[in-house]
Number of protein chains: 2
Amino acid sequence: MTVVAGDETWRADSYVAAQFTRSAVSEDRAAQPLPTFGEWWEDRRRAALFSVEEVPFRELDGWKSQSGSDNLVHESGRFFAVQGVRVESETHGTWSQPVINQSEIGILGLLVREFGGVPHFLVQAKIEPGNVNTLQLSPSVQATRSNYTRVHGGADTRYLKYFRGGGGGQVLVDSLQSEQGAWFWHKRNRNMVVRVTEDVPLHEDYRWVTAQQLRRLLGVENLVNMDTRAVLACMRFAAPPRHLPAHDDPYLRALCRSYDPVNGTALHTDVEILSWHTEMRTRCDWHTSLVPLAEVRNWRRSGSAIEDEEGRSFRVIGVRVRTGNREINQWSQPLIAPRGTGLAAFLTTSVHGVLHVLVRARPEPGVMDTVELGPTVRRTSETDVAEDEPFHAEVAAADPRRVRFDTVLSEEGGRFHHAQTRYQVIEAPDGFPTEVPDDFCWVTVHQLMALLKHRHYVNIEARSLLACLHSLW
Amino acid sequence: MTVVAGDETWRADSYVAAQFTRSAVSEDRAAQPLPTFGEWWEDRRRAALFSVEEVPFRELDGWKSQSGSDNLVHESGRFFAVQGVRVESETHGTWSQPVINQSEIGILGLLVREFGGVPHFLVQAKIEPGNVNTLQLSPSVQATRSNYTRVHGGADTRYLKYFRGGGGGQVLVDSLQSEQGAWFWHKRNRNMVVRVTEDVPLHEDYRWVTAQQLRRLLGVENLVNMDTRAVLACMRFAAPPRHLPAHDDPYLRALCRSYDPVNGTALHTDVEILSWHTEMRTRCDWHTSLVPLAEVRNWRRSGSAIEDEEGRSFRVIGVRVRTGNREINQWSQPLIAPRGTGLAAFLTTSVHGVLHVLVRARPEPGVMDTVELGPTVRRTSETDVAEDEPFHAEVAAADPRRVRFDTVLSEEGGRFHHAQTRYQVIEAPDGFPTEVPDDFCWVTVHQLMALLKHRHYVNIEARSLLACLHSLW
């Protein structure tokens with residue numbers, strides 16, 4: 001069963017030079033399939049010996065139900081715990097649900113290096129127990145604090161040193177960003193991009209890819225994982241190709257202008273957007289708190305699942321994992337399993353020739369400051385009915401020619417089981433009103449990215465959509 | 001005992017016009033004492049019939065010790081509560097202390113209006129039970145959520161409509177900012193500045209003052225209150241006088257340049273500062289949680305005070321208040337009473353002709369994201385010994401000619417009893433090293449103010465110091 005991960009490394013220079021002539025550096029070449037990527041990916045897939053099996057909670061090694069609280073916890077007291085979150089609100093009532101409590105801060109890091117003047121990004125073929133297709137494309141480093149303090153006795157996290165100040169690179173992006181507020185309690189990761197100029201020893205699970213490759217890979221179902229998308233959102237990784245004629249596509253021209261700083265061309269000034277966000281936060285009267293799982297109401301627990309009585313939300317399940325190329329060869333853990341594919345859609349429209357994105361300020365029980373900016377329309381799963389949500393109809397009935405991005409992508413496979421979301425970027429119909437309900441706001445891409453330099457403004461689904469927008473060139 | 005607050009109002013235009021010839025609009029005139037301000041203040045002082053009396057907890061009307069938790073709470077379940085906070089850290093151990101829990105969001109709002117081309121700020125002579133000198137200078141609006149939802153049946157909060165979108169003004173500043181992390185749990189207020197062009201009816205407790213007046217008033221002990229300083233920090237309210245000769249004072253020239261955007265003149269780029277802040281937050285392993293007051297260790301409770309056994313921290317006391325010009329005429333409440341005057345000092349130095357301020361990333365139990373940027377040196381009270389703190393000696397032994405600001409000012413009198421802090425802005429000696437310990441960072445004023453547009457970067461003491469810096473012209 002065990003496959004020893006090869007310790008052989010290549011010098012990045014020679015490795016990339018060898019593949020470079022076949023990599024996507026021009027529009028023409030990029031239009032070809034990605035043979036070297038495909039070969040590598042196929043190879044990694046064959047090497048990925050891996051099995052995931054759903055098991056009753058009592059068969060989860062090292063996990064126990066804590067007496068008194070009923071929380072699902074690890075015996076070491078680390079990793080994460082399944083607990084409860086309670087929301088109390090005068091306007092929305094009181095309710096509770098299970099939540100993953102992992103309030104430590106991990107690192108999602110992407111290395112960038114230029115080869116032949118073209119930026120390349122170091123990605124990893126990584127297995128996670130909840131992944132659709134087992135293997136997905138991760139950033140260079142995806143490390144929990146437990147990973148890098150080595151609670152589980154695993155191996156050193158590869159390439160971590162570049163993100164801990166030890167590799168001599170230049171930090172381009174470094175900010176704390178939240179993750180799923182519907183399923184996590186106060187979970188956030190440090191999203192980093194570091195540029196290196198030195199050679200980087202290349203392990204066989206890793207590969208340098210260009211922006212052009214990434215933009216194509218983002219269009220492949222369940223391939224580019226959530227962590228990669230989250231980091232990619234923080235930078236305009238795909239610049240418009242130089243030979244795109246200016247008149248080719250008014251939508252792309254408007255998108256291009258949307259990356260520029262405001263010069264009277266945005267619907268709202270930066271101060272107005274900050275003030276709107278502050279107002280939305282202030283108006284929300286949710287008080288959220290972590291509670292024992294035993295205190296969660298209207299959920300039932302069997303030996304193999306914790307699920308809401310209405311069958312609309314999600315299930316917590318247990319899995320046993322056997323693998324050949326992860327840090328250790330067998331472990332088990334709880335996962336959150338949503339009920340069917342979710343939806344996250346941005347409506348976009350061009351105002352004075354500048355693309356604007358319609359964000360919604362929405363409260364979620366698990367994000368640290370309760371309200372963040374999310375997609376125009378969002379469903380966490382198929383059973384999360386949202387037909388009366390504003391703009392639901394516009395998204396559901398969008399003219400296919402106006403759907404600019406439409407791919408099913410996965411959420412974090414380390415904590416969620418087959419959590420898939422359909423990501424859509426949709427061009428609103430001509431003459432779409434710019435007047436929107438109070439909790440919605442039209443922002444330019446530049447404005448959204450300015451917020452993204454700081455903590456807790458833009459939620460994880462909106463950040464995934466932003467990565468998709470970047471890929472539209 | 002009761003004094004009825006006059007309902008007479010003036011038209012701002014005529015009122016300000018009448019005082020305008022005597023207000024500080026030029027350097028020469030400003031060098032005179034402030035007769036009209038002084039007369040108004042004296043008048044307000046005479047009208048301020050007010051008494052504060054320390055009473056045992058059992059005599060606090062409407063307040064009770066909650067059974068089980070021992071928390072000091074109001075019977076309505078609102079206002080605030082005295083509870084406990086516990087900090088658990090592998091590096092700093094575990095400890096707990098009392099804390100004021102008031103996690104709702106209030107508004108601190110300042111109205112600005114130009115008269116004769118000169119911006120004026122609407123300030124209020126406001127009584128608070130914990131104030132040194134009873135009366136201090138507050139912003140136009142200082143409202144808790146309880147105030148404006150009127151839990152206590154008080155009167156409408158004056159001028160609130162301008163900050164709730166009802167006055168037609170222009171929002172210049174609107175951000176959530178934390179307050180004392182040593183004494184509050186997750187307390188923050190919405191700091192707002194709104195510019196109006198219409199007439200504003202003027203109540204006798206309010207007055208329009210110029211920036212020049214404010215900068216002088218900031219130098220008066222215990223006059224400009226914490227909330228006013230917090231809002232003033234968010235804008236460069238005092239511009240350098242036009243006739244200040246360029247060569248007058250190299251320190252002021254460096255300060256002036258420090259307000260400009262970075263052009264290779266700052267020691268650190270904006271990305272470096274954000275990354276440093278993220279690293280400081282990530283490195284801190286404090287887990288903070290709200291706990292019942294009954295679970296706080298090493299504090300003792302008598303009928304009239306809750307205090308730490310070592311007598312080094314602070315006391316929680318109860319007071320009964322009688323007043324003639326507050327919303328209601330008698331109430332009682334707990335207050336936190338620190339032991340003697342605290343200290344907050346900025347070391348500053350000129351690098352390439354640009355003033356830099358030395359901030360320290362410091363964890364505090366009560367701020368929402370644990371780590372914010374604070375003063376170079378900070379003591380919460382006289383008994384908070386900090387002799388081994390970096391730069392303590394440099395501040396304590398500063399050459400008086402290099403102390404640019406040095407005034408004792410008060411913290412929030414609505415929650416703290418006679419909480420005074422000595423605020424100092426100090427010019428570091430020539431040749432002072434720019435290499436500093438990891439948790440310190442030299443930033444320009446522009447960089448600090450850019451962070452201040454967003455939540456929870458700059459703590460309340462650093463913001464007070466920033467207001468003092470603005471006043472140095």
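What number of residues in the range B:403-421 are in contact with a Pro (Cβ under 7 Å, 6 or more places away or on another chain) and within 16 Å of B:VAL357 (Cα to Cα)? Final tally of qualifying residues: 0. Every listed requirement among (1) in contact with a Leu (Cβ under 6 Å, 6 or more places away or on another chain); (2) within 14 Å of another protein chain (Cβ to nearest Cβ); (3) surrounded by fewer than 19 Cβ atoms within 10 Å (Cβ to Cβ) is met by B:ARG422 save one, (2). Being crowded, with 23+ Cβ neighbours inside 10 Å and either over 22 Å from A:HIS268 (Cβ atoms) or not small (Gly, Ala, Ser) (or both): is that true of B:ARG207 here? It is true that B:ARG207 is crowded, with 23+ Cβ neighbours inside 10 Å and either over 22 Å from A:HIS268 (Cβ atoms) or not small (Gly, Ala, Ser) (or both).
When the range A:332-358 is filtered for residues that are at positive phi and under 20 Å from the mean Cα position of the chain (by Cα), only A:GLY340 remains. The number of residues in the range A:251-304 being under 30 Å from A:PHE80 (Cα atoms), surrounded by 15 or more Cβ atoms within 10 Å (Cβ to Cβ) and within 12 Å of chain B (Cβ to nearest Cβ) comes to 6. If you filter the range A:86-103 down to residues that are among the small types (Gly, Ala, Ser) and open to solvent by less than 20 Å² (accessible area, probe 1.4 Å), you find that the one that is modelled with the lowest pLDDT is A:SER89.
Only one of these is closer than 21 Å to B:VAL354 by Cα and part of a loop (DSSP other than H, G, I, E, B): B:PRO429, B:PRO390. Name it. Going through B:PRO429, B:PRO390 in turn, the sole match is B:PRO429. For the range A:55-133, the strands (runs of 3 or more DSSP E) that sit wholly inside it and include 3 or more residues that are under 19 Å from the mean Cα position of the chain (by Cα) are A:93-101, A:105-115, A:118-127. Residues that are among the small types (Gly, Ala, Ser) and either free of Cβ contacts under 8 Å to residues at least 24 places away in the same chain or under 19 Å from A:GLY413 (Cβ atoms) (or both) within the range A:90-141 comprise A:GLY93, A:GLY106, A:GLY109, A:GLY117, A:ALA125, A:GLY130, A:SER138, A:SER140, listed in sequence order.
Return yes or no: is B:HIS454 assigned to a loop (DSSP other than H, G, I, E, B) and either over 14 Å from the mean Cα position of the chain (by Cα) or of a type in the set (D, E, K, R) (or both)? When the stated conditions are applied, B:HIS454 passes them. The residues of the range B:442-451 include none that are surrounded by 23 or more Cβ atoms within 10 Å (Cβ to Cβ), within 14 Å of another protein chain (Cβ to nearest Cβ) and either assigned to a strand (DSSP E or B) or aliphatic (A, V, I, L, M) (or both). Looking only at residues of the range A:277-325 that are part of a strand (DSSP E or B) and small (Gly, Ala, Ser), we find that the one that is nearest to B:ASN189 (Cα to Cα) is A:SER289.
Per-residue answers, yes or no, for (1) surrounded by fewer than 16 Cβ atoms within 10 Å (Cβ to Cβ); (2) out of contact with any Lys or Arg (no Cβ under 7 Å at 6 or more places or on another chain):
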residue: A:ASP388; (1), (2): yes, yes
residue: A:ALA398; (1), (2): no, yes
residue: A:PRO437; (1), (2): yes, yes
residue: A:PHE440; (1), (2): no, no
residue: A:VAL458; (1), (2): no, yes
residue: A:CYS468; (1), (2): no, yes
residue: A:LEU472; (1), (2): no, no
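Close contacts from the range A:337-355, counting a first residue that is touching a residue at least 40 places away in the same chain (Cβ under 8 Å) and a second that is among the acidic types (Asp, Glu) and open to solvent by less than 20 Å² (accessible area, probe 1.4 Å), with Cβ to Cβ under 6 Å and a gap of 6+ residues or different chains, come to A:ALA344/A:GLU461. Only one entry of B:GLY181, B:GLY166 meets the criterion of being of a type outside the set (Ser, Thr, Tyr), within 22 Å of A:TRP276 (Cβ to Cβ) and part of a loop (DSSP other than H, G, I, E, B), and that entry is B:GLY166.
B:GLN212 versus (1) open to solvent by 10 Å² or more (accessible area, probe 1.4 Å); (2) closer than 30 Å to B:ASP384 by Cβ: which is the lone unmet condition? Here B:GLN212 meets the rest and fails (2).
The values are calculated or read from the model by the stated rules, or taken from the named source; none is laboratory data. Here the structure is a predicted model, which is why all the values come from computation and not from measurement. So basically every Cβ, Gly included, is an ideal-geometry build from the backbone, and we count neighbours across all protein chains shown. Side chains included, ligands, DNA and RNA excluded: accessible areas come from the protein's heavy atoms. Shrake-Rupley method; radii C 1.70, N 1.55, O 1.52, S 1.80 Å.
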